[in-house]
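What follows is a short report on a single structure.
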Amino acid sequence: GRQPEAGGEGYRDGAPVPTSAEVDVSATCMGSLLELSPCLAFFRDAGTSKAPAGCCKGLGTIVRDQPACLCHIFNHTLERAIGVGIPVNRALALIRDVCGLTPPRNLMASCANAGAVPPLYVCPAPSA
């Protein structure tokens with residue numbers, strides 16, 4: 001049982017691999033949600049009402065480019081993944097009131113439809 005040579009599988013006449021086979025970072029929310037890391041201090045400290053530096057900028061990128069990724073906040077997948085409690089009402093206050101951003105009107109409806117939300121990450125994180 002010899003291993004097939006790397007590169008021999010999946011390519012036909014130089015045609016690209018179908019996207020379902022390759023991990024496309026934009027198809028997951030990990031990259032977008034990393035933009036939220038400056039915001040975590042806002043969630044850790046319930047007494048703060050100002051957005052940390054860089055937070056609104058990162059949040060604005062997500063609202064503009066991958067608003068569906070905000071569903072991971074509302075569906076609590078993000079807080080479970082990173083171990084930081086993110087209350088939904090506080091997340092919405094941060095987006096709308098503190099950062100002055102307007103998420104898409106139908107965002108909550110699309111969050112309820114799991115098929116509309118890109119996965120947080122493609123393969124499970126190693127449990128090392």
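The values are calculated or read from the model by the stated rules, or taken from the named source; none is laboratory data. Remember, it's a predicted structure, so these values are computed and weren't measured experimentally. For neighbour counting, all protein chains shown are included, and Cβ atoms are generated from backbone atoms with ideal geometry for every residue, glycine included. Side chains are part of the model used for accessible areas, which takes the heavy atoms of the whole protein and leaves out ligands, DNA and RNA. Shrake-Rupley method; radii C 1.70, N 1.55, O 1.52, S 1.80 Å.
For segment 2-23, the condition of being in a helix (DSSP H, G or I), surrounded by fewer than 13 Cβ atoms within 10 Å (Cβ to Cβ), at pLDDT 90 or above and not acidic (Asp, Glu) holds for none of the residues. Per the listing 99, 71, the residue uniquely open to solvent by less than 40 Å² (accessible area, probe 1.4 Å), in contact (Cβ under 8 Å) with a residue 12 or more places away in the chain and over 18 Å from residue 38 (Cβ atoms) is 71. Exactly one residue among 126, 104, 52, 87 is farther than 18 Å from residue 27 by Cα, at pLDDT below 90 and open to solvent by 30 Å² or more (accessible area, probe 1.4 Å), and that residue is 126. For residue 117, the criteria (1) at pLDDT below 95; (2) open to solvent by 70 Å² or more (accessible area, probe 1.4 Å) hold in every case but one, which is (2).
Please verify whether residue 78 is closer than 18 Å to residue 35 by Cβ, open to solvent by less than 30 Å² (accessible area, probe 1.4 Å) and touching a Pro at 6+ places or on another chain (Cβ under 9 Å), treating the condition exactly as stated. Considered against the rule, which asks whether it is closer than 18 Å to residue 35 by Cβ, open to solvent by less than 30 Å² (accessible area, probe 1.4 Å) and touching a Pro at 6+ places or on another chain (Cβ under 9 Å), residue 78 comes out as no.
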